[in-house]
Amino acid sequence: MADEVKKKVVKKEKKAPSPKDLALDVASQQMIQRSWDMEVETIFDRAQTMKPCNIGAQGTCCKNCAQGPCRLPLPKGGIEGEDTRKGLCGATAHTIAARNFARMVAAGAAAHSDHGRGVAETFLAAARKETDDYHIKDTKKLLEIAPDFGVETTVEGKDGEILDRDIDEIAVEVGEIALGQWGQQTGDVCTVKRAPQPRYELWKKLGVVPRGIDREIVEIMHRTHIGVDQHYENIVEQCTRAAIGDGWGGSMIATDLQDVLFGCPYPLKSSANLGVMKEDHVNIVIHGHEPLLSEMIVQAAELPEMVELAKEKGARGIQLSGICCTANELLMRHGVPLCGDFLQQELAIVTGAVDAMVVDVQCIMENIANVAQCFHTKIITTNPRARIASGDTTHIEFDEHTAFEDAKKIVRTGIENFPNREKEVMIPDQKEDLIAGFSYEAVNYHLGGTFRASYTPLNDNIINGRIRGIGGVVG
Ligand code: SF4
């Protein structure tokens with residue numbers, strides 16, 4: 001192990017925590033202990049030494065212009081009476097906190113909606129038949145969503161009869177209108193009208209219906225610049241508009257188009273936790289956010305030539321597993337198991353079993369590149385938006401026009417790395433069975449069947465109190 005990548009680990013002082021203090025999950029506990037034994041630093045070590053900044057925690061540090069940073073700490077003993085804190089420009093603590101929060105909203109909305117933009121671009125390429133690797137798969141869903149984009153699915157014939165429109169034409173129109181929602185300047189983002197009528201009317205009354213997905217994000221950045229919006233309520237109102245633009249626009253359009261491209265998820269069995277990896281297989285972990293590349297990786301890993309290559313290199317096969325959102329996409333459509341969550345990404349590498357960790361965008365810790373240097377793991381970045389300076393990563397850029405070839409290159413890189421394992425492999429036993437794939441369509445079907453698909457039984461039982469509540473886990 002290169003000394004320069006060995007990091008300080010938590011000193012085992014009297015009060016030093018044990019792995020059980022840091023994680024409830026037994027597999028994680030085992031890997032935290034292993035990382036300590038091998039002197040490999042992970043987030044569990046950094047969390048022990050990180051001291052949060054008090055001013056930052058209150059959101060009252062401003063660096064929105066070059067006169068700052070202006071720091072507005074709470075006065076000793078707290079605020080009695082009026083809060084008189086001000087930045088150099090006179091911005092109050094309320095203004096600064098609202099502006100900082102708004103920029104977080106802008107960043108989150110930009111990230112999730114940019115994912116949707118990428119999906120819309122690929123969808124349009126598939127609809128126009130500019131790529132051989134993606135196809136319009138779920139035409140039923142396409143016909144269901146088309147009216148929400150203002151696209152007709154039927155046409156009147158010469159004799160007044162109603163004829164079905166060509167499915168490719170519908171797909172192209174849906175793709176163009178969907179992609180147009182990002183740059184739209186006036187009107188409403190079209191999918192927002194799916195909201196229940198009273199909710200939509202309330203949004204209209206409050207002036208928070210988004211005009212265009214990008215426009216609302218840009219407007220947050222403008223308003224929070226020095227000397228623009230200096231009313232915290234007005235700033236937060238724009239946060240709502242941008243957030244609806246993402247949730248009911250960018251992210252919702254991403255879901256729609258992914259379902260049409262890759263098929264609607266339906267319930268299937270799989271498993272989760274570090275124990276899904278297999279010592280005698282090539283382990284390729286797919287990590288990040290978008291399904292565009294990972295869908296191709298699933299297909300590439302199933303090719304007989306890849307399985308044969310893995311056997312030539314001494315493995316019994318190829319085990320794919322996932323981390324974070326990309327994992328969920330593959331889990332709910334293909335049953336690919338989850339090997340971990342956000343906090344387990346470094347721990348997965350600590351098993352010594354990961355031959356390649358393939359990352360796209362979002363939730364990827366920069367330090368995986370350092371942890372990988374302590375093992376044989378190859379970190380493969382694939383997106384031009386998301387490169388890693390730390391460590392020694394490999395970049396294989398993914399392009400939707402050459403998607404399958406890119407995916408094959410990535411899988412081959414993982415397979416060829418299998419014989420390079422140097423450290424003893426230690427995969428925890430823990431894995432749990434699960435059922436995933438409860439899409440809107442699947443729940444609708446399971447509650448009402450083919451002919452009466454409906455949420456009514458669920459709604460009725462919530463209203464009559466037999467169902468006491470529903471939990472949503474949202475990242
Ligand atoms: S915008 Fe105002 S509070 Fe913020 S850094 Fe500039 S002068 Fe300071």
Among the residues listed as ALA386, ALA403, ALA353, the single one being within 24 Å of ASN328 (Cβ to Cβ), modelled with pLDDT of 95 or more and either touching an Asp or Glu at 6+ places or on another chain (Cβ under 8 Å) or not assigned by TED's automatic domain parsing to the domain that holds GLU416 (or both): ALA353
Checking the condition of a type in the set (A, V, I, L, M), closer than 22 Å to ILE380 by Cα and touching a helix residue (DSSP H, G or I) at 6+ places or on another chain (Cβ under 9 Å), which residue from ILE318, ILE253 passes? ILE318
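To keep it simple, each residue is scored yes or no on (1) in a loop (DSSP other than H, G, I, E, B); (2) at pLDDT 95 or above; (3) within 14 Å of the ligand (Cβ to nearest atom).
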{"residue": "LYS12", "(1), (2), (3)": "yes, no, no"}
{"residue": "PRO17", "(1), (2), (3)": "yes, no, no"}
{"residue": "SER28", "(1), (2), (3)": "no, yes, no"}
{"residue": "ILE32", "(1), (2), (3)": "no, yes, no"}
{"residue": "TRP36", "(1), (2), (3)": "no, yes, no"}
{"residue": "PHE44", "(1), (2), (3)": "no, yes, no"}
{"residue": "ALA97", "(1), (2), (3)": "no, yes, yes"}
{"residue": "ASN100", "(1), (2), (3)": "no, yes, yes"}
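For every residue, the table says whether it meets (1) within 30 Å of PRO73 (Cα to Cα); (2) not in a helix (DSSP H, G or I).
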| position | (1), (2) |
| --- | --- |
| MET104 | yes, no |
| ALA111 | no, no |
| GLU121 | no, no |
| ASP133 | no, yes |
| ALA146 | no, no |
| ALA171 | no, no |
| LYS204 | no, no |
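Conditions (1) out of contact with any Pro (no Cβ under 9 Å at 6 or more places or on another chain); (2) basic (Lys, Arg); (3) not assigned by TED's automatic domain parsing to the domain that holds PRO147, marked per residue:
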residue: GLY183; (1), (2), (3): yes, no, no
residue: VAL189; (1), (2), (3): no, no, no
residue: ARG194; (1), (2), (3): yes, yes, no
residue: TYR200; (1), (2), (3): yes, no, no
residue: LYS205; (1), (2), (3): yes, yes, no
residue: HIS222; (1), (2), (3): yes, no, no
residue: GLY227; (1), (2), (3): yes, no, no
residue: ARG241; (1), (2), (3): no, yes, no
Quick check on this structure: which one of GLU219, GLU176 is surrounded by 17 or more Cβ atoms within 10 Å (Cβ to Cβ), charged (D, E, K, R) and within 26 Å of the chain's Cα centre (by Cα)? GLU219
The number of residues in the stretch 49-74 that are surrounded by fewer than 17 Cβ atoms within 10 Å (Cβ to Cβ) and part of a strand (DSSP E or B) is 1
For the stretch 296-398, which helices (runs of 4 or more DSSP H) that fit wholly inside it have 1 or more residues that are crowded, with 17+ Cβ neighbours inside 10 Å, over 18 Å from the mean Cα position of the chain (by Cα) and hydrophobic (A, V, I, L, M, F, W, C)? 304-312, 345-350, 368-373
Note down all Cβ pairs under 8 Å where the first residue falls in the stretch 134-156 and is without any contact (Cβ under 8 Å) to a residue 60 or more places away in the chain, the second is of a type outside the set (A, V, I, L, M) and part of a loop (DSSP other than H, G, I, E, B), and they're at least six residues apart or on different chains. LEU143/THR153; ALA146/GLU152; ALA146/THR153; PRO147/THR153; GLU152/ARG165; THR153/ARG165; THR154/ARG165; VAL155/ARG165
Might you let me know whether the stretch 390-405 holds any residue that is touching a His at 6+ places or on another chain (Cβ under 9 Å), farther than 30 Å from ALA120 by Cβ and among the acidic types (Asp, Glu)? no
Any chance the stretch 195-202 includes a residue that's of a type in the set (D, E, K, R) and in a helix (DSSP H, G or I)? yes
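The values are calculated or read from the model by the stated rules, or taken from the named source; none is laboratory data. Note that the coordinates shown come from a computational prediction; the quantities given were computed from them, not determined experimentally. As a convention, Cβ positions derive from the backbone with ideal geometry for all residues, glycine included, and neighbour counts pool all protein chains shown.
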